[in-house]
Amino acid sequence: MNQADLKARYDAVMMNAFGVPKRVFARGEGIHLWDTDGNRYTDLLSGLAVNALGHAHPGVTTAVAGQLDQLGHVSNFFASEPQIRLAERLAAFTGVEPTRVFFTNSGTEANEAAFKLTRLTGRTKVVVMEGSFHGRTMGALALTSNPKYREPFEPLPGEVFFVPFGDESALRAAVDNRTAAILLETVQGENGVVPAPEGFLAAARRIADDAGALLWIDEVQTGLGRCGDYLAHRADGITADLITMAKALGNGFPIGACLATGRAAELLHPGQHGTTFGGNPVAAAAGNAVLDALESGVLENARATGAWLVRALGELSHPQILEVRGRGMLLGIVLREEIAARVSDDALDAGWVINAPRPSVLRVAPPLIATPEDLAGFVDALPALLDGHG
Ligand SMILES: *Cc1c(COP(=O)(O)O)cnc(C)c1O
């Protein structure tokens, strides 16, 4: 069935949450996607930083199919070995013992779990960054700064205070002994790939410690290799009390996790939180397969390809490109004019999947398995795409 017919059927039956889909895809393999008309695309967005291992990764496919065949679901009255093993492996990334894990099905749910944990400190204030994105459920939305997302749904859970991202003195002024947690992203992906300024995470760690507050880092987009490390904030030499992750964890199979370290690891007690699907053996098997791949060369590849891509984009010296920012394989190409949405559409027509998180920013987040050879064609094509506008 062709694109136009499928879009018409979509339009007739789907809630209008996402606008008109730009394509209906039929198949993916590695870094490539094919639409229902058979056109091929190179995926430089990874389903929003999800498909770290690309599409139809054999390790994930085998793990998921095998686990579903053996044991698909048991509820959280019971446990499964893949879930325990995945929790052990994630806990080892935090640099803190003990670390305990609560599994969820998405990023926003990981943040809901963490938000509830902050309340169990006996404090109720949370200090969050302007430009933040933490999800769309009511709790996570209360922590998300974009008024367009928030305002139709107010009142949201209260005592959330926003400070400018990267402003150490504003953060210090906002945090006091009623503050349960400081929440931030290492790189604000949805805000247009804005990295925290040098030293800001360490400052946030100190400010949290001085006030007896928790430091909560949202690694939903940045974690699991996307920025070149298992947890991006560990590269800043700090540890966190709460860490949330999701996107890349299952390579497309839905799974998220909330990690709590040190005293925060002991906050949650039976009956205070729950989930039916979270930590399901199939999702856990997907997570273990992703970690297997990251540990056997994909993480190193992401670092090398990311460094190459920053260099290659910089060497374009295109007048429309003001800056290439980000970390690892999460990059924002900052444009002089607000043409990113149109450039992104043209790129799609030319067979490159990217997106425009801000009017003047293109986001490039290729699968972590991509090589410079895979991405060179995009770098070559970009100047003409930019010249087509502005
Ligand atoms: C995507 C994202 C979320 C929300 O994750 P969902 O799985 O869409 O609920 C939360 N935080 C950050 C930083 C994200 O990028």
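The values are calculated or read from the model by the stated rules, or taken from the named source; none is laboratory data. Note that this is a predicted model, so its numbers are computed, not measured. Note: ideal-geometry Cβ built from the backbone for every residue, glycine included; neighbour counts use all protein chains shown. Only protein heavy atoms, including side chains, enter the accessible area calculation; ligands, DNA and RNA are left aside. Shrake-Rupley method; radii C 1.70, N 1.55, O 1.52, S 1.80 Å.
For the reader, a short list of remarks on this structure follows.
- DSSP bridge orientation in the chain - percent antiparallel, rounded to nearest 5: 65
- Amide hydrogen proximity for E130: with H placed 1.01 Å from N in the peptide plane, the residues at 5 or more positions away or on another chain lying under 5 Å are V163, F165.
- Rounded, prolate or oblate (a/c below 1.5 giving rounded, otherwise prolate when a/b exceeds b/c) for segment 13-78 by Cα gyration tensor: oblate
- Shape class for segment 294-378: prolate, because the ratio a/c of the largest to smallest gyration tensor axis (alpha-carbon atoms, square roots of eigenvalues) is 1.5 or more and a/b beats b/c.
- Label sites at D292 and A381, each approximated as a point 7 angstrom past Cα along Cα to Cβ, lie 3.3 nm apart.
- Averaging 1/r over each pair of different alpha-carbon atoms in segment 200-298 and inverting the result gives 14.7 Å, the Kirkwood hydrodynamic radius.
- By the rule of a C-alpha distance below 19 Å, with chain neighbours fewer than 8 residues away ignored, the lysines paired with K125 are K116.
- Cα centroid of segment 18-94 to Cα centroid of segment 346-376, whole Å: 19
- Carbon plus sulfur fraction of accessible area for segment 59-292, probe 1.4 Å, in percent: 54
- 3J(HN,Hα) along segment 10-19: 4, 4, 7, 10, 8, 4, 7, 8, 10, x Hz, from the Karplus curve 6.51 cos²θ - 1.76 cosθ + 1.60 with θ = phi - 60°, whole Hz, x for Gly and Pro.
- Across the chain, the relative contact order, built from alpha-carbon pairs under 8 Å that are at least six residues apart, equals 21 percent.
- Extension gain, A12 back to K116 (0.36 nm per residue minus Cα-Cα distance, nm): 33.7 nm
- Virtual spin-label span in nm between E29 and E88, 7 Å along Cα→Cβ: 3.6
- Taking label positions 7 Å along the Cα-Cβ direction at both M1 and E159, the computed distance is 5.0 nm, reported to one decimal.
- A compact globular protein would have a Cα radius of gyration near 2.2 N^0.38 Å; the ratio found for segment 123-262 is 0.99.
- Computed with a 1.4 Å probe on the full set of protein chains, the accessible area for Y41 sits at about 10 Å².
- R325, R136, R27, ranked by accessible area, largest first (probe 1.4 Å): R136, R27, R325
- Average accessible surface area per residue within the chain, 1.4 Å rolling probe, Å²: 43
- Exposure rank, largest accessible area first [D11, D35; 1.4 Å]: D11, D35
- q = 0.08, 0.14, 0.15, 0.17 Å⁻¹: log10 I(q)/I(0) that the Debye formula gives for segment 59-292, counting C-alpha atoms only: -0.27, -0.84, -0.96, -1.22
- Over the chain, equivalent-ellipsoid semi-axes from the Cα gyration tensor in Å: 32, 26, 20
- Global form of segment 117-172, assessed from the alpha-carbon gyration tensor, a/c cut-off 1.5: oblate
- Exposure of R123 as accessible area (Å², to 10), given a probe of 1.4 Å and all protein chains: 60
- When +1 charges are put on Lys and Arg Cβ atoms and -1 charges on Asp and Glu Cβ atoms, the dipole computed for segment 113-180 relative to its Cα centre reaches about 300 debye.
- If you sort H318, H134, H273 by accessible surface, 1.4 Å probe, largest first, the order is H273, H318, H134.
- Rounded to the nearest 10 Å², the accessible area of W352 at probe 1.4 Å: 40
- Relative contact order, whole percent, for segment 59-292 stands at 31, derived from Cα pairs under 8 Å and 6 or more residues apart.
- Charge dipole of segment 59-292 (Cα centre as origin; +1 on each Lys and Arg Cβ, -1 on each Asp and Glu Cβ, all else neutral): 320 debye, rounded to the nearest 20.
- Fluctuation leader among E151, E219, E112 - the chain, Gaussian network, Cα springs under 10 angstrom: E151
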